[in-house]
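Here is the structure we will look at.
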Amino acid sequence: MNQIETAALLDGHALDALLGRSLLTTQEWSDADLASVRAIARSLARLDRQGVRTPLCPDELAWAVFFDQSTRTKSAWAGAAARLGMSPVIVDGSSTQVSHGETAVETGAMLGMNAHAMGIRHDLILGEGNTFIRDVKRGIDDYLDATDDARAVPIVNLQCDVDHPTQTMADLMWLEDNFDDLAGKNITMSWAYSPSYAKPLSVAQGLITLLTRVGANVTLAHPPGYDLTEATMAAAAENAGRGGSFRVVDDMDEAFAGADVVYPKSWGAYDLMVERVDANAAGDAAELAAIEGRALERNARFTDWICDERRMATTAGGEALYMHCLPADIGSEVSTGVMERHRVDVAREANWKMYVVMALLAGAKVPDLADAIVMLEQEALR
């Protein structure tokens, strides 16, 4: 892509509307804003893949706190920040003072003193993670206002109990790589068996609310008891009214039949995820462990919910695009053969997350971003 093509890609997108913005859920952002993020991500990806440096935010600190495990998202945050000229710092949530009683608002105020951007993952407890992220944002904003500090310190939700927006945006970009138009495509988000742990609901929730906005026919499949939150279901149904469709089935075979895209992934049984809330609030580690054991026992009733060669053969032309946020439980969520066939593609899917984070940070931090990106291309040609 040359500077003319880049300018054409970014032309028409109101990039300044992203300045200072935090992405807490995709549902809160307009279609136009999400399209702007994807346009920026594609421009920055092309530059990066051509070896062009993009130090748009030099000498700034990009701080990320993870209250849950991560490989890809930590790497994406660090890679995105470094490519923008920022210094990434990633810490485990247990190393903060939150466990000693410091509130999220206080944490935000302290980090806002020095950080120029914040990433947060807090995804295991329903009703807690997204609220925590919003409280951190309030602490940052209150501090900046009180000190007349003009810095923008955007927050990027790196997965919470409600949504995993950088993942779902990366998934959407990978879908756009594979299909000229998603309108009318049959996309299945299916629960799948996992013996490892009761995974958060947020990937499934984020996908059904985002993909119903692009005109796709979205099917959600899960066994009885693995519901998503009422707010998420209502949002997906409302979004589907724009031109696609949304349905829920309790049969994995039915969900795979004729699908153009399948996304089989485990998440925890809803009632048990709710039980976690009180146990976590009480600090009852024994009860949390017992709930986890009950969750895995519940999962074990549905070991036949696996994405295997038989089910993939029933998809559209037997060639559905297989997707996963990774890591997949191979042999449980997906068969070894299916994963091996799609191993490189799911890595390419994951690669978009770094560019989504780059786009969110650059969009929030850099005025006249389109001109800045074109200038980087001009400099690379000298």
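In table form, for the structure just shown:
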quantity: Cβ-based charge dipole, region 268-382, positive-most Cα from Ala281, Ala350, Gln378; calculated: Gln378
quantity: Met252 accessible area, 1.4 Å probe, all protein chains in place, Å² to nearest 10; calculated: 0 Å²
quantity: Per-residue HN-Hα couplings for region 142-152 [Karplus 6.51, -1.76, 1.60; θ = phi - 60°; Hz; x = Gly/Pro]; calculated: 5, 5, 4, 5, 5, 9, 6, 8, 7, 4, 9
quantity: For region 159-171, 3J(HN,Hα) per residue [Karplus equation, 6.51 cos²θ - 1.76 cosθ + 1.60, θ = phi - 60°, Hz, x = Gly/Pro]; calculated: 2, 10, 6, 9, 8, 10, x, 5, 5, 5, 5, 4, 4
quantity: Pair Ala8, Leu381: separation of 7 Å Cα→Cβ label points (nm); calculated: 1.4 nm
quantity: Heavy-atom accessible surface of the chain: percent carbon and sulfur, 1.4 Å; calculated: 50 percent
quantity: Using alpha carbons only: equivalent-ellipsoid semi-axes of the chain, gyration tensor based, whole Å; calculated: 33, 28, 17
quantity: Straight-distance crosslink candidates among lysines, where the alpha carbon sits under 16 Å from Lys199 and sequence neighbours closer than 8 are dropped; calculated: Lys265
quantity: Cα gyration tensor, region 22-94 - rounded (a/c under 1.5), prolate or oblate; calculated: oblate
quantity: Calculated FRET value between Ala150 and Ala231, using beta carbons and R₀ = 51 Å, to 0.05; calculated: 0.90
quantity: Other-chain or far-sequence residues with amide H under 5 Å of Ala192's (modelled H); calculated: Lys265, Ser266, Trp267
quantity: Shape category assigned to region 116-158 from the gyration tensor of Cα positions, a/c cut at 1.5; calculated: oblate
quantity: Surface accessible to a 1.4 Å probe, Asp250 within the full protein complex, Å²; calculated: 110 Å²
quantity: Å² of accessible area per residue within the chain, as computed with a 1.4 Å probe and no ligands counted; calculated: 40 Å²
quantity: Of Gly283, Gly363, Gly293, the one that fluctuates the most in a GNM where the chain has Cα springs shorter than 10 Å; calculated: Gly283
quantity: For region 21-39 versus region 144-199, the gap between their alpha-carbon centres in whole angstrom; calculated: 10 Å
quantity: Dipole in debye (nearest 20) - region 220-303, about Cα centre, beta carbon charges: Lys, Arg +1; Asp, Glu -1; calculated: 220 debye
quantity: Pairwise centroid distance, computed over Cα atoms, of region 346-382 with region 291-323, Å; calculated: 36 Å
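The values are calculated or read from the model by the stated rules, or taken from the named source; none is laboratory data. Remember, it's a predicted structure, so these values are computed and weren't measured experimentally. Virtual Cβ from ideal backbone geometry, glycine too; neighbours counted across all protein chains shown. Note: areas computed on protein heavy atoms with side chains; ligands, DNA, RNA excluded. Shrake-Rupley method; radii C 1.70, N 1.55, O 1.52, S 1.80 Å.
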